[in-house]
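Since the structure comes first, as structure tokens, the remarks are kept for the end.
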Amino acid sequence: MTVRLFDYYRSSASYRVRIALNLKGIAYERVDISLLAGDQRSAENLARNPQGFVPTLEVDGAFIPQSLAIIDYLDARNPEPSLLPRDAVARAQALAQALVIAADTHPINNLRILQYLKNELGLDEAARTAWIHRWIGEGFAALEAMTTPGARFLGGDRPGLADICLVPQMYNARRFAMPLDAYPALVRIDAACAEVEAFAAAHPDRFAPAA
């Protein structure tokens with residue numbers, strides 16, 4: 001199986017997929033798509049990802065866009081370790097946790113939204129930072145309330161899909177100097193994830209372009 005990930009090192013969605021690939025123990029070739037340079041809007045990238053986004057996973061010539069779709073594919077093709085519980089209720093709860101980040105928090109704070117706020121609406125840096133803090137804070141407050149007391153990970157005793165979504169968003173929060181004191185469970189879970197090599201090996205610092 002030939003696996004290629006079209007990726008940007010600081011993309012939250014790409015970061016999720018790198019973690020999932022690592023947890024599954026799947027070797028892959030990484031192809032950098034620079035969002036800052038506009039590579040995502042190239043004809044080549046649009047051909048494999050009609051939204052002009054990253055990530056896209058190529059598997060034996062087939063292209064799969066959207067991080068959660070990619071992770072679902074990886075979980076279906078490589079069932080162990082499972083990224084979602086088998087029990088129907090626990091599975092739904094884990095999906096709900098993941099979607100707090102992937103559906104309701106990250107999309108309104110990503111690069112294209114921030115560029116629109118700056119270039120089209122004329123918001124200055126302070127206003128854009130306030131926007132980021134507001135919406136990450138709302139998502140984190142909900143997710144904090146959805147944690148299981150005493151559990152090491154959002155996914156229970158081992159990391160799962162919700163943790164895969166949380167960690168990149170925590171990275172973003174720190175990038176934008178967001179206070180995290182109100183979310184002690186999330187901070188603790190993020191620290192536990194950092195001790196897992198699959199998460200550590202996916203960190204953006206491992207892929208940052210040379211200065």
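Any read-out appearing in this document is the output of simple, stated calculations on the displayed coordinates, not a laboratory observation. Because the structure is a prediction, the values reported are computed rather than measured. A quick note on method: Cβ atoms are made from the backbone with ideal geometry, for glycine too, and the neighbour counts reach across all protein chains shown.
Things worth noting here:
- Selection from region 62-71 of residues that are over 19 Å from L161 (Cβ atoms) and assigned to a helix (DSSP H, G or I): none
- Flag for L166 being within 22 Å of D7 (Cβ to Cβ) and touching a residue at least 60 places away in the same chain (Cβ under 8 Å): yes
- Once region 62-74 is narrowed to residues that are free of Cβ contacts under 8 Å to residues at least 12 places away in the same chain and over 21 Å from R10 (Cα atoms), the residue that is surrounded by the fewest Cβ atoms within 10 Å (Cβ to Cβ) is A62.
- Qualifying residues in region 40-61 (those that are aliphatic (A, V, I, L, M) and part of a helix (DSSP H, G or I)) - the one surrounded by the most Cβ atoms within 10 Å (Cβ to Cβ): L46
- D163 being touching a helix residue (DSSP H, G or I) at 6+ places or on another chain (Cβ under 8 Å), surrounded by 15 or more Cβ atoms within 10 Å (Cβ to Cβ), among the acidic types (D, E) and under 20 Å from R16 (Cβ atoms): yes
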